[in-house]
Amino acid sequence: MQLFVQTILAAAILTVPCEAAEMFKKYGSAAGWDVFVNEKMGPGCLIAKENSAAGTQAEIGIDATADLRGYLALYSKKPKNVTAGEKLSVVFDIDGEKFTGVATGQEMEGFDGAVVPFNNLDFIYGLAKKKALTITAKGRDPIVLNLTGTDAAFKALRECQAAQKK
């Protein structure tokens, strides 16, 4: 099964403390993931985890600006030499199940990342039962996200999102 998704490369927001403080409010933590409220997303909640050894940051969240939808973002501190507007084929491997998409490049200083919107929140919540997510862009090193602890983190994410409706 293939899922064609449009991705855009964006800055690593949570790795820049002054920007993160303006955009995100910490809600809590669960199983090694931090839970934040992003006022600019509706407000929407997200879970985030940094792998400092690999130089990566992951975010999985809810965009509540209109109909609820989910998104997944992975960022790398290692420059990937992506030019603005460059189209990249991307493969998302979730425990061996592969999906494809197209990434559109954006230049930034020292950070590369991919943001993937999903219309079906069940897809995002389904990651809780998985072990690893690997995103590979053609000609670039894969970024691997260990999904350990996402079950507890998603419970906290749902609680956070429910609290935003009050």
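The table below gives the values:
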| read-out | value |
| --- | --- |
| Filter result (surrounded by 15 or more Cβ atoms within 10 Å (Cβ to Cβ) and among the β-branched types (Val, Ile, Thr)) within the stretch 20-75 | VAL35, VAL37, ILE47, THR56, ILE60, ILE62 |
| Strands (runs of 3 or more DSSP E) wholly inside the stretch 70-134 containing at least 3 residues that are modelled with pLDDT under 75 and under 13 Å from the mean Cα position of the chain (by Cα) | 112-118 |
| Tally, over the stretch 135-151, of residues that are small (Gly, Ala, Ser) and either within 25 Å of THR65 (Cα to Cα) or in a loop (DSSP other than H, G, I, E, B) (or both) | 2 |
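The values are calculated or read from the model by the stated rules, or taken from the named source; none is laboratory data. A quick note: this is a predicted structure, and the numbers were derived from the prediction, not measured. Don't worry about glycine lacking a Cβ; one is built from the backbone with ideal geometry, like all the others, and counts go over all protein chains shown.
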